[in-house]
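Some notes on the structure that comes next.
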Amino acid sequence: MLFDTAFLSIRFWDIADILIVGYLMFQIYKLLKGSVAFNIFVGVILLYAFSWLVRALKMELLSLILGQFVSVGVIVVAIVFQPEIRRFLLVLGNSTLKSRLNFLHRFTKTSELQTVAVDSELESLKAAILTLSSQRTGALIVLANNLSLTQFSNSGVVLDAVLTKALLLSIFNKESPLHDGAVIITDNKIHAASCILPVSDNPEIPQDMGLRHRAAVGITESVNVTAIIVSEETGKIAFANRGRLHIGLSNELFDSLLREHYN
């Protein structure tokens, strides 16, 4: 017992309870911030708070009506926030997997040859994206790292090819039959090309953004991956991650984000 009076008693676990709930609320806020789902979440919280106030004031009729909504609140929230819940669980699972892999890497160090190979593939990817940008050639690349995106790669052409600048430029060449769609990079390889991705209906996406940008946001809303977009109209490079779109990147920020999200 940390604090005890005739009116109030506070235990250590009470403080821990408040801190944990506060942390969870903050994480939910970060996850939903800037989306329509955040407004819906605020509405749900206000509804529950109003219902609690009505019961405290013993307003029986209103309490009965609101009780019908509150009783099915969990089901309604699960339906309305299905994409956000899915994304949260994917982020949680992927973070846990990464921590396990990092723990294992302490005991199984990557060989110098493997490190050089990854750096070479990263430089090839960077060079291809910058070339596509300078040529104003539209492109959409998904960095899946070690995740399996079978449901999306099956919609395109599976290649499982070595990641090279020349191959990426060939795929996105306007005369190529594979240019219209997304390239999925998995385990440092070009796993598939011409893949169809889900298109986001998030109204926060700027109206001048095309289907490539909306598809990039859509895939990152569904799966914990990163998508890189090259605009065909302007040649500008954009990043999408966790349902957020980052546009107007400087060369330094682009390089930093690429290194951060590639493997």
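The values are calculated or read from the model by the stated rules, or taken from the named source; none is laboratory data. In this text, all values refer to a predicted model and were calculated from it rather than measured experimentally. Here the Cβ positions follow ideal geometry from the backbone for every residue, glycine too, while neighbour counts run over all protein chains shown.
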Legend entry - Filter result for the condition that a residue is assigned to a strand (DSSP E or B) and in contact with an Asp or Glu (Cβ under 9 Å, 6 or more places away or on another chain), over 184, 190, 229: 190
Inset, instruction - Name every residue in region 200-226 that is small (Gly, Ala, Ser) and outside any loop (DSSP other than H, G, I, E, B), in order of residue number. - result: 215, 216, 218, 222
Inset, instruction - State all residues of region 210-234 that are within 18 Å of the chain's Cα centre (by Cα), over 15 Å from residue 143 (Cβ atoms) and modelled with pLDDT under 90; if no residue qualifies, say none. - result: 221
Inset, instruction - Scan 167, 197, 159 and give me the residue that is modelled with pLDDT of 90 or more and in a helix (DSSP H, G or I). - result: 167
Inset, instruction - Within region 235-263, track down each residue that is over 13 Å from the mean Cα position of the chain (by Cα), in a loop (DSSP other than H, G, I, E, B) and not hydrophobic (A, V, I, L, M, F, W, C). - result: 235, 236, 248, 250, 262, 263
Inset, instruction - Report whether or not residue 205 is farther than 26 Å from residue 40 by Cβ, in contact with a strand residue (DSSP E or B) (Cβ under 8 Å, 6 or more places away or on another chain) and either modelled with pLDDT of 95 or more or among the β-branched types (Val, Ile, Thr) (or both). - result: no
Inset, instruction - With the checklist (1) in contact (Cβ under 8 Å) with a residue 60 or more places away in the chain; (2) basic (Lys, Arg); (3) farther than 25 Å from residue 39 by Cα in hand, flag the one item residue 165 doesn't pass. - result: (1)
Legend entry - All positions within region 1-34 that are modelled with pLDDT under 80, among the charged types (D, E, K, R), in a helix (DSSP H, G or I) and more than 27 Å from residue 220 (Cβ to Cβ): 14
Legend entry - Residue pairs meeting the criteria (Cβ under 8 Å; at least 6 apart or on separate chains; first loosely packed, with under 12 Cβ neighbours inside 10 Å, in region 244-263; second assigned to a loop (DSSP other than H, G, I, E, B)): 248/236
